[in-house]
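The values are calculated or read from the model by the stated rules, or taken from the named source; none is laboratory data. No experiment lies behind these values; they were computed from the predicted model shown. Virtual Cβ from ideal backbone geometry, glycine too; neighbours counted across all protein chains shown.
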Amino acid sequence: MFENLTKRIRDAVDRLRGRGRISEEELKSTLREIRRALIDADVNLEVARAFVQKVEAEALGQKVLESLTPAEQILSLVYEALTEALGGEASQPALRSEGNLWFLVGLQGSGKTTTAAKLARYYKEKGRRPLLVAADTQRPAAREQLRILGEKVGVPVLEVADREPPEVTQRRIQEAVRQGARDLVLVDTAGRLQIDEALMEELARLKRVLQPTETLLVLDAMTGQEALSVARAFDEKIGVSGLVLTKLDGDARGGAALSARHVTGKPIYFVGVSERPEGLEAFYPDRMASRILGMGDLATLAEKVKALQVEEAPKKAKELSLEDFLAQLKQVKRLGSFSELLALLPGLPKEMRNLSVDDRALARLEAILLSMTPEERKNPRILNGSRRKRIARGSGTTVQEVNRLLKSFEEARDLAKRLEKTKGRGFFRR
Ligand code: GDP
């Protein structure tokens, strides 16, 4: 469902890949593109704006502009912001050992009845004893549908009669719960094609009598922003405790899913991912964010990047030594090997895939640095010909490689000195 959004966010961020420092303008234009992608995916305008503002503030605060890896850092910020927009921590409806009665409300066609059966199956698998209640007092066809689905998932279905008063329904439910030792009652309520007063009143009345412990609003993600005004109306009239978004397997643009939490203030409990009874997933904001970004496991990557952002006092360029170089190398290694990182990023462009070579290059650099004495690392000027030969032998490399490392270190330090004059920032961040 999020393919297009995924591609556009990735393209925007990938343009910064392999770059050192980026300018504030580049950061802003990347974020502008992300905002446009969100809006085109039908994300609520205000949500998109707030989202991008947050990422920008974080990026500037975390000095992404001076980062070694701006693309990765931005992606990690976008991931965190997405997770938060989707609700942060995962939440699930409250489930006591018994006496659970959940309402499923929503418009006709939203997937309410299907979801009731899916939930029955989901909790049955977890060892619960659900009871389904077909409580549409006006549409026998809706009750019939639930009866069939109940049979399919092996959960009993209590059908209300035409125009049955709520008090009668309540008594019948209590009876069925006692007889069947049922600990979770799932009530599939009446739906309409549109919100109307009669429906809301009927639901409100049933709710007053049955006193559900949770009221789950079922929303069709394919209906986009429309779903959100439906949500607001239901919450005002009935009161909603959490959301189920259905048809996430469809080709909707995903905006409703992304805005639902922000617009309604209600957690997303579950998502529907197919028509089949097993097509229901508990909702995890972080995993959904990973999916939207086309990541294998960005959660892990984000942690790694965070771990890398240890505070180090900025140094003056002239104080920099190979000791700093070694320390920096070790930090990069803490991220894991490049090939390992790539495995976390299945959506990576192909030109980035072939980086196994760089693992070895890093290992050689480190070997050279480790073959030096601390004194030599602190003061590379003492590295004469015979010391260089010794280091090459000790590290299993060549004198040319040792020379190359020393030369690039000197060049980098010179550059740092020049930069220091203009900007006054440390150099190893590059
Ligand atoms: P209700 O009127 O709200 O009870 O909606 P139904 O449960 O009858 O569902 C309406 C249609 O949506 C049916 O054809 C369902 O099979 C389909 N549906 C429900 N949930 C999903 C879902 O998560 N994915 C897909 N692809 N179809 C779904």
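Which residue pairs have Cβ atoms closer than 7 Å, lie 6 or more positions apart in sequence or on different chains, and pair a first residue in the stretch 272-295 that is free of Cβ contacts under 8 Å to residues at least 24 places away in the same chain with a second residue that is near the ligand (Cβ under 10 Å from one of its atoms) and not in a strand (DSSP E or B)?
Taking only residues 6 or more apart or on different chains, the pairs are GLU281/VAL273.
Filter the stretch 145-184 for residues that are without any contact (Cβ under 8 Å) to a residue 40 or more places away in the chain, farther than 28 Å from GLU275 by Cβ and in a helix (DSSP H, G or I) and give the result.
Within the stretch 145-184, VAL168, ARG171, ARG172, GLN174, GLU175, ARG178, GLN179 qualify.
Within the stretch 283-331, how many residues are modelled with pLDDT under 70, of a type outside the set (A, V, I, L, M, F, W, C) and more than 30 Å from the chain's Cα centre (by Cα)? Break it down into steps so the answer makes sense when it comes.
To start, the set of residues in the stretch 283-331 that are modelled with pLDDT under 70 comprises 295-315.
Subsequent filtering for residues that are of a type outside the set (A, V, I, L, M, F, W, C) retains 296-297, 300, 303-304, 306, 309, 311-312, 314-315.
Remaining after also requiring more than 30 Å from the chain's Cα centre (by Cα): 314-315.
Going through the stretch 283-331 one residue at a time, the tally reaches 2.
May I ask you to verify whether THR113 is farther than 20 Å from PRO267 by Cα and either within 16 Å of the ligand (Cβ to nearest atom) or among the charged types (D, E, K, R) (or both)? Before the answer, list the steps.
On the way: farther than 20 Å from PRO267 by Cα: yes; either within 16 Å of the ligand (Cβ to nearest atom) or among the charged types (D, E, K, R) (or both): yes.
Yes.
Quick check on GLU125: is it within 13 Å of the ligand (Cβ to nearest atom) and free of Cβ contacts under 8 Å to residues at least 24 places away in the same chain?
Numbers: within 13 Å of the ligand (Cβ to nearest atom): no; free of Cβ contacts under 8 Å to residues at least 24 places away in the same chain: yes.
Judged against the criteria, GLU125 is not a match.
Among LEU131, LEU146, which is the only one that is more than 21 Å from GLU202 (Cα to Cα), in the same structural domain as GLU214 (by TED's automatic domain parsing) and either within 16 Å of the ligand (Cβ to nearest atom) or touching a helix residue (DSSP H, G or I) at 6+ places or on another chain (Cβ under 7 Å) (or both)? Let's see the steps before the verdict.
Values: LEU146 fails: more than 21 Å from GLU202 (Cα to Cα).
None of the others qualify; the one that does is LEU131.
Any idea which of GLU175, GLU151, GLU164, GLU159 is surrounded by fewer than 17 Cβ atoms within 10 Å (Cβ to Cβ), acidic (Asp, Glu) and either within 13 Å of THR137 (Cβ to Cβ) or modelled with pLDDT under 95 (or both)?
Numbers: GLU175 fails: either within 13 Å of THR137 (Cβ to Cβ) or modelled with pLDDT under 95 (or both); GLU151 fails: either within 13 Å of THR137 (Cβ to Cβ) or modelled with pLDDT under 95 (or both); GLU159 fails: surrounded by fewer than 17 Cβ atoms within 10 Å (Cβ to Cβ).
The conditions single out GLU164.
Of all residues in the stretch 185-213, which are more than 13 Å from the ligand (Cβ to nearest atom) and under 22 Å from GLU175 (Cβ atoms)?
VAL185, ARG205, LEU206, LYS207, ARG208, VAL209, LEU210, GLN211, PRO212, THR213
Could you go through the stretch 66-83 and let me know if any residue there is in contact with a Pro (Cβ under 6 Å, 6 or more places away or on another chain) and surrounded by 24 or more Cβ atoms within 10 Å (Cβ to Cβ). Explain how you work it out, then say what you get.
Our first condition is that a residue be in contact with a Pro (Cβ under 6 Å, 6 or more places away or on another chain); within the stretch 66-83, this holds for 83.
Now restrict to residues that are surrounded by 24 or more Cβ atoms within 10 Å (Cβ to Cβ): none.
Among the residues of the stretch 66-83, not one is in contact with a Pro (Cβ under 6 Å, 6 or more places away or on another chain) and surrounded by 24 or more Cβ atoms within 10 Å (Cβ to Cβ), which makes the answer no.
Specify the residue that is surrounded by the most Cβ atoms within 10 Å (Cβ to Cβ); the eligible residues are those in the stretch 379-401 that are under 44 Å from the mean Cα position of the chain (by Cα) and in a helix (DSSP H, G or I).
Among residues in the stretch 379-401 that are under 44 Å from the mean Cα position of the chain (by Cα) and in a helix (DSSP H, G or I), the one surrounded by the most Cβ atoms within 10 Å (Cβ to Cβ) is SER395.
Any idea which of ALA12, ALA94 is among the small types (Gly, Ala, Ser) and either in a helix (DSSP H, G or I) or buried (at least 17 other Cβ atoms within 10 Å of the Cβ) (or both)? Lay out the reasoning, then the answer.
Values: ALA94 fails: either in a helix (DSSP H, G or I) or buried (at least 17 other Cβ atoms within 10 Å of the Cβ) (or both).
Exactly one residue qualifies, and that residue is ALA12.
Go through LEU248, LEU217 for me and flag whichever is assigned by TED's automatic domain parsing to the domain that holds LEU107, assigned to a loop (DSSP other than H, G, I, E, B) and within 15 Å of the ligand (Cβ to nearest atom). Give the derivation first.
Numbers: LEU217 fails: assigned to a loop (DSSP other than H, G, I, E, B).
Step by step, each of LEU248, LEU217 is checked, and only LEU248 is assigned by TED's automatic domain parsing to the domain that holds LEU107, assigned to a loop (DSSP other than H, G, I, E, B) and within 15 Å of the ligand (Cβ to nearest atom).
I need the full set of residues from the stretch 139-169 which are on the phi > 0 side of the Ramachandran plot and not charged (D, E, K, R), in order please.
The initial filter retains those residues of the stretch 139-169 that are on the phi > 0 side of the Ramachandran plot, namely 154, 163.
The answer is GLY154, and nothing else.
Quick check: anything in the stretch 81-90 among the hydroxyl-bearing types (Ser, Thr, Tyr), out of contact with any Asp or Glu (no Cβ under 6 Å at 6 or more places or on another chain) and outside the structural domain of GLN331 (by TED's automatic domain parsing)? Outline the logic, then answer.
Our first condition is that a residue be among the hydroxyl-bearing types (Ser, Thr, Tyr); within the stretch 81-90, this holds for 83.
Imposing the further condition that a residue be out of contact with any Asp or Glu (no Cβ under 6 Å at 6 or more places or on another chain) reduces the set to none.
No, every residue in the stretch 81-90 fails to be among the hydroxyl-bearing types (Ser, Thr, Tyr), out of contact with any Asp or Glu (no Cβ under 6 Å at 6 or more places or on another chain) and outside the structural domain of GLN331 (by TED's automatic domain parsing).
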